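Heads up, the thing below is written out as structure tokens.
The values are calculated or read from the model by the stated rules, or taken from the named source; none is laboratory data. Remember, it's a predicted structure, so these values are computed and weren't measured experimentally. Here the Cβ is made from the backbone with ideal geometry for all residues, glycine too, and neighbour counts use every protein chain on show. We work out accessible area using only protein heavy atoms, side chains counted, and drop any ligands, DNA or RNA first. Shrake-Rupley method; radii C 1.70, N 1.55, O 1.52, S 1.80 Å.
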Number of protein chains: 2
Amino acid sequence: MFKALDDETRRLILDELAVRNGQTLFEICSTLTMRHGIGSTRQAISQHLAVLEDAGLVTSERRGRTKLHHFDPTPLEAIARRWPNTRKADP
Amino acid sequence: MFKALDDETRRLILDELAVRNGQTLFEICSTLTMRHGIGSTRQAISQHLAVLEDAGLVTSERRGRTKLHHFDPTPLEAIARRWPNTRKADP
DNA sequence: ACGATAGGCAAGTATTGGCTTGCATATCAA
DNA sequence: TTGATATGCAAGCCAATACTTGCCTATCGT
């Protein structure tokens, strides 16, 4: 999962899905090109989505010939759970 | 910062510093070897610590010929801030 | 001063990962 | 069915990076 987050393009994909869930691959490509200057090809984005799906950060459902992608922030909770704030504890 | 988290050894270093702050480089090397099976050299761990420091996740202070390392979870808050839980929002 | 301890710097290697290219599959509309 | 749309698969290329090796600097104890 940490690997999935270690890429600005993938983080932007999560941003866009957080704004509008259920986007298709082509929609994501368009949005990334429009709102950010991402000029990646469809295949590149597809591979990014595969990484995000493997990490459990994105779920997908086929709808005919399209595939709708949804952002699932659940795995992010593991981060806060692993390193709870200990700032007040030590000098 | 996400790059810094994308490495199990570095994550283990944060774990150990969260347990006991202010460890030196050699202490961290020992702990990683003892508690986890990490057989990395001192230089490898040193480079990991440099990455963690660049990410702001670790601070350090020189104490004579030793260098004490402290875990700072503050940058992690950016994750929760960037993707607040939207699960309840959409189908 | 001298040896020992704690750490830093830098170059080389080898693996990983992001991206492209080319072709294949599946669904819809006419 | 046929063409167009939407996506999947796989091999190859290139840059980033984790790790090692070897040497150097600084601090402490005696």
Residue in the range B:59-69 that is more than 14 Å from every other protein chain (Cβ to nearest Cβ), open to solvent by 60 Å² or more (accessible area, probe 1.4 Å) and more than 12 Å from DNA strand C (Cβ to nearest atom) present: no
Index of the failed condition, B:A4 passing every other in (1) crowded, with 17+ Cβ neighbours inside 10 Å; (2) among the small types (G, A, S); (3) at pLDDT below 95: (3)
Count of residues meeting criterion [acidic (D, E) and more than 11 Å from DNA strand D (Cβ to nearest atom)] in the range A:9-33: 2
Exclusive hit being modelled with pLDDT under 95, away from chain B (no Cβ under 14 Å), within 12 Å of DNA strand C (Cβ to nearest atom) and open to solvent by less than 80 Å² (accessible area, probe 1.4 Å), set A:I38, A:I45: A:I38
Single unsatisfied condition, A:R11 versus (1) within 10 Å of DNA strand C (Cβ to nearest atom); (2) out of contact with any Phe, Trp or Tyr (no Cβ under 6 Å at 6 or more places or on another chain): (1)
Total residues in the range B:25-35, condition under 24 Å from A:N85 (Cβ atoms) and surrounded by 14 or more Cβ atoms within 10 Å (Cβ to Cβ): 4
Qualifying residue in the range A:34-50 (condition: of a type in the set (V, I, T) and either in contact (Cβ under 8 Å) with a residue 60 or more places away in the chain or within 12 Å of DNA strand D (Cβ to nearest atom) (or both)): yes
The range A:7-21: number of residues that are open to solvent by less than 20 Å² (accessible area, probe 1.4 Å) and within 8 Å of chain B (Cβ to nearest Cβ): 1
